[in-house]
1. Sort out which residues of region 214-226 are touching a residue at least 24 places away in the same chain (Cβ under 8 Å) and more than 17 Å from ARG133 (Cα to Cα), and write them in order of number.
2. Of all residues in region 100-117, which are crowded, with 18+ Cβ neighbours inside 10 Å and either modelled with pLDDT under 95 or more than 17 Å from GLY177 (Cα to Cα) (or both)?
3. With (1) within 27 Å of GLU374 (Cα to Cα); (2) modelled with pLDDT of 95 or more; (3) surrounded by fewer than 24 Cβ atoms within 10 Å (Cβ to Cβ); (4) aromatic (Phe, Trp, Tyr) as the list, and TRP184 as the residue in question, which single condition is left unmet?
4. Residue by residue through region 356-411, note down the ones that are out of contact with any Lys or Arg (no Cβ under 9 Å at 6 or more places or on another chain), among the polar types (S, T, N, Q) and at pLDDT 95 or above.
5. Would you check which residues across region 14-39 are touching a residue at least 40 places away in the same chain (Cβ under 8 Å), in contact with a Pro (Cβ under 9 Å, 6 or more places away or on another chain) and charged (D, E, K, R) and list them?
6. Conditions: (1) in contact with a Lys or Arg (Cβ under 8 Å, 6 or more places away or on another chain); (2) free of Cβ contacts under 8 Å to residues at least 40 places away in the same chain. PHE211 meets all but one. Number of the miss?
7. Can you tell me which of LEU158, LEU138, LEU162 is crowded, with 22+ Cβ neighbours inside 10 Å and more than 24 Å from GLY20 (Cα to Cα)?
8. Could you please let me know if LEU417 is farther than 21 Å from SER243 by Cβ, touching a residue at least 12 places away in the same chain (Cβ under 8 Å) and surrounded by fewer than 20 Cβ atoms within 10 Å (Cβ to Cβ)?
Amino acid sequence: MSPHPLVLLTTEGTYPLVPGGVTSWAQELLERLSARFIVFALWGPRRIPKIPPLPRNVEEVVVVQLFLQENPPLTMVRQPLLLEKLELFFGFLEGDIASFGEGLYGLAKAAGRTSSPSSVFLSKEADEILQRRFASILGRTPVLAERLLILGQLRGMLANLLRIPPAADIAHTTVNGLGAIPAWLASRHYQIPLVLTEHGVYLRERYFALFALNLPPALSLFFSLFFKTLARLMYQEASLCTSVSEFNRYWQVELGARPEKTLVIPNGIDPARFPPAPQRLEDPPTAVWVGRIDPLKDLLTLVQAFAVARRNLPHARLRLFGPVPQGNEAYVREVSKKIGELGLEKTVTLEGPISPVYRAYHAGWVTVLSSVSEGFPYVVLESLAVGRPVVGTRTGAVSEVIADSGRVVPPSNPEALGEALAELLSDPELCLELGALGRERVIRKYTLENMVASYQKVYDMLIRGVRTASAGEPT
């Protein structure tokens, strides 16, 4: 085994294809860890973005696109092995994690010996299995339209995933759910350690997404059961589950991870990249928001909250910095419409990305985070690092990081968020005081050096365990 282990790093919709918190985290790790990497990146059916220059220790990037194949009519599939594994796979409907795992792995292995497992999901036999297995859970036999939609969605999600990935020494997934499947398959096939890192609570975010899609009840039930069992399988079989906060670790344990196999490794930044903001706050009182424009960031609540803050601060401003990811164009139009409805066109501005990002934090008195779901947002660390306090929602690690360096309010509560913003925007001395506490806290606890050292220890520990086991010594 090489002194620098080969790591299969799996991502979903993030590194190295789009910017964001997980991408920043991955880039920093890959540049600094003593390891070699194969990056296995899941992407949707849209055009693959141009991949930027990568660290020299990235040996290969494999982009796996989902939902690309055309949906053929139902066909007959006379492949007993595939059908046997598909029957096991549907064990997730009864919460049978072991059966589900056997089926998932079996379909992937069969893909190497037979035709693609893609066709089996739209076969007459698959339809019969679905009718039989789902009827008792649903309380009725699912109708043809429901069955076709379910099987087509399964095929779109899994057809290109069910392959055994390249061999590696460690499998490391940056997300639970679909993005974890390739890492789990590699771990099981090559008998290598599996590290599961969560930046948010994947299952919670899947439930949010399913709710937003407003699917027919049968489809919502089916895919809720699928994602729940998939998440629990990964928690149970990971060699180590790392998370960015105690909040996330709590949910990992609740969903099946063994407490002794969980570890909190907070995100970190390099304070040298975030010079202190000016110690004089110029009028008008300004709140800034930084991030990607996305429904999970709940900018509609933020805009409403700012209208609340302006009741006593009519001259205050809100500046929104960040890109609009492909597919979120309708959401940014909705945000702009809300700004107009509340008569805030002259005081709330959508300004796009800004570089370097610390300029955004320097432009405000306070940074605001209105998300309904977060893992460990870099926005909070970066704002505190320059000495600007944060008003954030109580989700993920936000409360843990802000601590006494700002204000924390419930998510989706415009009144509470607006009042907290008004408190800070009306008191420049308080902003500077809280900001100073925040910068000291980041330097003491949340540095990039600490984060990288923790992951290097994880890799070293797992590789030592593999070598010890290979030598036949007790572990």
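The values are calculated or read from the model by the stated rules, or taken from the named source; none is laboratory data. What you see is a predicted model, and the numbers here were worked out from it, not measured in a lab. Cβ placement follows ideal geometry from the backbone for every residue including glycine, while neighbour counts extend to all protein chains displayed.
1. Quick first cut of region 214-226, residues touching a residue at least 24 places away in the same chain (Cβ under 8 Å) only: 216, 218-219, 221-223, 225-226.
The answer is PRO216, and nothing else.
2. GLY106, LEU107, ALA108, LYS109, ALA110, ALA111, PRO117
3. (3)
4. Residues satisfying the conditions are SER383, THR393.
5. Answer for region 14-39, where residues must be touching a residue at least 40 places away in the same chain (Cβ under 8 Å), in contact with a Pro (Cβ under 9 Å, 6 or more places away or on another chain) and charged (D, E, K, R): just ARG32.
6. Here PHE211 clears every test but (1).
7. None of the others qualify; the one that does is LEU162.
8. no
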